[in-house]
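Written out below as structure tokens is the structure these notes cover.
The values are calculated or read from the model by the stated rules, or taken from the named source; none is laboratory data. This is a predicted model, so every value here is computed, not measured. Ideal geometry is used to build each Cβ from the backbone, glycine not excepted, and the neighbour counts take in all protein chains shown.
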Amino acid sequence: MDSKFFDTLSALGTENSLNTEVMIRTIKSAMQKSVQRMYPECKESIRVDIDIDNKIFDIFLLQEVVDEEPINHTQIYIDEARTINPNICVGETLEHKLDISKFSRASAQSAKQSIKGDLRDINRDRILDKFQSKENDIITATVTQVEPGRGSATLMYDKTELYLLRQEQIPGEILKEGMSVKVYITGIANKNKKPIIKLSRVHRDLVKRLFELEVPEIYDGIVEIKSISREAGSRSKIAVVSHDENVDAIGSCIGAKHSRISAVVKELNGEKIDIIPYSEDPAKFIANALSPAKVIRVIILSEEEHTCVAVVPADQLSLAIGNRGQNAKLAAKLTGYKIDIKSETDEIPEPVAKPEPDTEPDPEADEIFLEEVEILSDSETSENTETESDPKEEILFEEDEISENIPEE
């Protein structure tokens, strides 16, 4: 058999990240279908042998040897059979080797398309089985190649090639062949055809997953990460809270001698991480989020619009804002509030007052009410002219009460 066939076979296996056994099984199935189109009655009488190591590829038609006219291709006349195997006898099965080179172009093309289609389906199912459960999680992959110009990296994970685009790499990070890196799987695109595994090292949830790996209290749910804000390669802030009064949330994340947080920082190429204590009180949470700056007070301007003013000492203003506004932006993303940072010497705006309900009596309404009461009073007294009740007192009673107090004649 031409060695070109086996070279193509090897290339297909590499391209589709399939092992040899799967490739052979796929090609055998495709070739059996192709031969069956030529010999429809021989469905159970076709054998395909493939040996990659010895570069053997043969197709056999298994035929019963008969001493009369064959009814179809499942049988072969004894005289013809003996031209192939002189020692064959009637009733035995002849392994009739087919000349693959004589297959029609249509049959060869059909087999090729069938193989490609089967490989696509197998590869798609294999990738989905492997990665569907890992969406929104992290994996550890090995860098196998970095494109010099574009900077995109090829990674290998469990015999599957993956691609990490330059914009999804941490700014300033230099990936090299052989490096092991943790990447976050943001999703799987094109699931119905050729799945594309979308990877990232700049996604904020990469930080969350790394802390879950390093901090057992987070993994077990004792300490909870409430929110994360991140500027990849520069700084991250994470807000944590403990659900056990005996467990310190911040201490758990930092670890003994900073061991836990150091492991995360190292994986993120030296990115700084601020651990912030979460609070249900928005003002307190915002003050904590502006760390390392000291905040004098926080004024919530509008809870509906999530706006506030943070007042800091004059010498802490630049620290609270941060380089290029980074600290303020990260605090805003962490808390969900638009934060206006002011020095204590600045003019401080007051919160937007909620309109109070109008409780003052309406003079015109009172006049209308009194007029109605007076009309009612006059009507009642005209109908009960023989009563001795004072008309002014009747105003204080309901109609039924008035009728009960009319003296009998």
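Being part of a strand (DSSP E or B), touching an Asp or Glu at 6+ places or on another chain (Cβ under 6 Å) and crowded, with 17+ Cβ neighbours inside 10 Å: is that true of residue 298 here?
Numbers: part of a strand (DSSP E or B): yes; touching an Asp or Glu at 6+ places or on another chain (Cβ under 6 Å): no; crowded, with 17+ Cβ neighbours inside 10 Å: yes.
No.
Taking the stretch 155-165 only, how many residues are exposed (fewer than 14 other Cβ atoms within 10 Å of the Cβ) and either in contact (Cβ under 8 Å) with a residue 60 or more places away in the chain or in contact with a Ser or Thr (Cβ under 8 Å, 6 or more places away or on another chain) (or both)?
Initially, the stretch 155-165 is screened for residues exposed (fewer than 14 other Cβ atoms within 10 Å of the Cβ), giving 158-159, 165.
Pick out the ones that are also either in contact (Cβ under 8 Å) with a residue 60 or more places away in the chain or in contact with a Ser or Thr (Cβ under 8 Å, 6 or more places away or on another chain) (or both) and you get 159, 165.
Counting residues in the stretch 155-165 that are exposed (fewer than 14 other Cβ atoms within 10 Å of the Cβ) and either in contact (Cβ under 8 Å) with a residue 60 or more places away in the chain or in contact with a Ser or Thr (Cβ under 8 Å, 6 or more places away or on another chain) (or both) gives 2.
Take the stretch 319-334 and flag every residue that is over 20 Å from residue 280 (Cβ atoms) and among the basic types (Lys, Arg). Spell out how you get there, then give the answer.
Narrowing the stretch 319-334 to residues over 20 Å from residue 280 (Cβ atoms): 319-330.
Scanning the stretch 319-334 gives 324, 329.
Filter the stretch 223-244 for residues that are touching a strand residue (DSSP E or B) at 6+ places or on another chain (Cβ under 6 Å) and aliphatic (A, V, I, L, M) and give the result.
Kept after step one, since they are touching a strand residue (DSSP E or B) at 6+ places or on another chain (Cβ under 6 Å), are these residues of the stretch 223-244: 223-230, 235-242.
Within the stretch 223-244, 223, 225, 228, 238, 239, 240, 241 qualify.
Scanning for something closer than 20 Å to residue 180 by Cβ, surrounded by 14 or more Cβ atoms within 10 Å (Cβ to Cβ) and not hydroxyl-bearing (Ser, Thr, Tyr), does the stretch 240-260 turn up at least one residue?
yes
Can you tell me which residue in the stretch 319-338 is surrounded by the fewest Cβ atoms within 10 Å (Cβ to Cβ), limited to those that are modelled with pLDDT of 95 or more and among the polar types (S, T, N, Q)?
So, considering only residues that are modelled with pLDDT of 95 or more and among the polar types (S, T, N, Q), the one surrounded by the fewest Cβ atoms within 10 Å (Cβ to Cβ) is 326.
Tally up the residues in the stretch 261-292 that are buried (at least 16 other Cβ atoms within 10 Å of the Cβ) and not in a helix (DSSP H, G or I), please.
Going through the stretch 261-292 one residue at a time, the tally reaches 12.
May I ask you to say which residue of 114, 101, 110 is at pLDDT below 80, among the hydroxyl-bearing types (Ser, Thr, Tyr) and crowded, with 17+ Cβ neighbours inside 10 Å? Spell out how you get there, then give the answer.
Numbers: 101 fails: crowded, with 17+ Cβ neighbours inside 10 Å; 110 fails: crowded, with 17+ Cβ neighbours inside 10 Å.
Of 114, 101, 110, the one residue that is at pLDDT below 80, among the hydroxyl-bearing types (Ser, Thr, Tyr) and crowded, with 17+ Cβ neighbours inside 10 Å is 114.
In the set 331, 263, 314, which member is within 18 Å of residue 235 (Cα to Cα) and not assigned by TED's automatic domain parsing to the domain that holds residue 223? So that I can check it myself, show each step before the final result.
Values: 263 fails: not assigned by TED's automatic domain parsing to the domain that holds residue 223; 314 fails: within 18 Å of residue 235 (Cα to Cα).
Only one candidate qualifies: 331.
Inside the stretch 195-238, can you point out the residues that are without any contact (Cβ under 8 Å) to a residue 12 or more places away in the chain and surrounded by 22 or more Cβ atoms within 10 Å (Cβ to Cβ)?
Result: no residue meets the conditions.
For (1) outside the structural domain of residue 239 (by TED's automatic domain parsing); (2) among the polar types (S, T, N, Q), each residue gets a yes or a no:
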{"residue": "151", "(1), (2)": "yes, no"}
{"residue": "155", "(1), (2)": "yes, no"}
{"residue": "169", "(1), (2)": "yes, yes"}
{"residue": "172", "(1), (2)": "yes, no"}
{"residue": "181", "(1), (2)": "yes, no"}
{"residue": "187", "(1), (2)": "yes, no"}
{"residue": "190", "(1), (2)": "yes, yes"}
{"residue": "208", "(1), (2)": "no, no"}
